[in-house]
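A.B. asks: Questions regarding the structure given below will be posed in turn.
The values are calculated or read from the model by the stated rules, or taken from the named source; none is laboratory data. Note that the structure is a prediction, hence the values are computed from the model and not measured. Neighbour counts run over all protein chains shown; Cβ positions are idealised from the backbone, glycine included. The accessibility values were calculated without ligands, DNA or RNA, using every heavy atom of the protein model including side chains. Shrake-Rupley method; radii C 1.70, N 1.55, O 1.52, S 1.80 Å.
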Amino acid sequence: MQIECPCGSGLGYEECCGKFVEGKAHAPTAEALMRSRYAAYALKRADYIVQTALHADNRDSIASWMEKAEFFRLEIVQTKRGGVLDKKGIVEFRAWFKEEDEEYILHEISAFVKRKGRWYYDEEGSETVTL
Ligand SMILES: [Zn+2]
């Protein structure tokens, strides 16, 4: 039996974010990329986070943070553009995680851009608050 997708879609991982995280397809929309990046955080797949970022972050620092943080809930607040025909998109979300027995909510307005037909997370255009 396959696992349920961490992004909370209710679908199995393989038919949801797994297609993108496992490299079988590219996320068609900004929201799909955002969800798959969340799933990669939940499943501790640092390579996917680096591959899908416009400004490639330091893989080791991502990987070591992932080891400590347990992501357990995602809520998409809203999306603007980011569709299959767009070149830019915004996805606002809240992601819940635990780190050393403390619960946190990461609230982010994420910017995404499409380059050569693929969506990337644009860290420099994004705003993050952790509560
Ligand atoms: Zn998913």
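A.B. asks: With every protein chain left in place, what is the accessible area of VAL77 in Å² (1.4 Å probe, nearest 10)?
C.D. replies: Accessible surface of VAL77 is approximately 60 Å².
A.B. asks: If you don't mind, there's one more thing I want to ask. Can you give the net charge of the other residues whose Cβ lies under 11 Å from the Cβ of ALA63, counting K and R as +1 and D and E as -1?
C.D. replies: Around ALA63, the surrounding residues sum to 0.
A.B. asks: Okay, next question. Take every Cα pair under 8 Å in the chain that's 6+ residues apart, average their separations, divide by the length, and report that relative contact order as a whole percent.
C.D. replies: Taking the mean separation of contacting Cα pairs over the length of the chain, I get 21 percent.
A.B. asks: Then there's this: Roughly how far apart, in whole Å, are the Cα centres of segment 12-49 and segment 52-113?
C.D. replies: 11
A.B. asks: Based on DSSP H runs of at least 4 residues, each adding -39500 (n - 2.57), what is the mean residue ellipticity at 222 nm of the chain after dividing by all its residues, to the nearest 500 deg cm²/dmol?
C.D. replies: Only helices count here, giving -7000 deg cm²/dmol.
A.B. asks: What do you get when you divide the Cα radius of gyration of the chain by 2.2 N^0.38 Å, with N the number of residues? Walk me through the numbers on the way to the answer.
C.D. replies: Numbers: Rg = 13.7 Å, N = 131, 2.2 N^0.38 = 14.0 Å.
Rg over 2.2 N^0.38 Å, computed on Cα atoms: 0.98.
A.B. asks: Under a GNM of the chain (C-alpha, springs under 10 Å), which listed residue has the highest mean-square fluctuation: SER64, SER36, SER110?
C.D. replies: SER64
A.B. asks: Next question, about the same structure. Apply the Karplus parameterisation 6.51 cos²θ - 1.76 cosθ + 1.60, with θ equal to phi minus 60°, to every residue of segment 117-123 and state each ³J(HN,Hα) to the nearest whole Hz, in sequence, with x for glycine and proline.
C.D. replies: With coefficients 6.51, -1.76 and 1.60, one gets x, 10, 7, 9, 7, 10, 4 Hz.
A.B. asks: At a 1.4 Å probe, what is the % contribution of carbon and sulfur to the accessible area of the chain?
C.D. replies: Looking at the chain in its full context, I get 48 percent from C and S.
A.B. asks: Among all the lysines, which ones have a C-alpha under 23 Å from LYS68's C-alpha, if same-chain residues fewer than 8 places away are not counted?
C.D. replies: Partners found: LYS44, LYS98.
A.B. asks: In Å², what does the accessible area per residue of the chain work out to with a 1.4 Å probe?
C.D. replies: Numbers: 7540 Å² over 131 residues.
In whole numbers, the chain has 58 Å² accessible per residue.
A.B. asks: Still on this structure, I have one more. Can you list the GluC sites (Glu not before Pro) in segment 1-69 that are in a DSSP coil and have 16 or fewer other beta carbons within 10 angstrom?
C.D. replies: GLU22
A.B. asks: Now for a separate question. Determine the sum of side-chain charges near SER110: Lys and Arg each +1, Asp and Glu each -1, restricted to other residues whose C-beta is under 15 angstrom from that of SER110.
C.D. replies: Values: positive: ARG35, ARG37, LYS80, ARG81, LYS88, ARG94, LYS114; negative: GLU31, ASP57, GLU75, ASP86, GLU92, GLU108, ASP122, GLU123, GLU124, GLU127.
With Lys, Arg at +1 and Asp, Glu at -1, the net is -3.
A.B. asks: What lysines sit close enough to LYS88 to cross-link, taking a C-alpha to C-alpha distance under 25 Å and skipping anything fewer than 8 places away on the same chain?
C.D. replies: Once the sequence-local lysines are set aside, what remains near LYS88 is LYS19, LYS24, LYS80, LYS114, LYS116.
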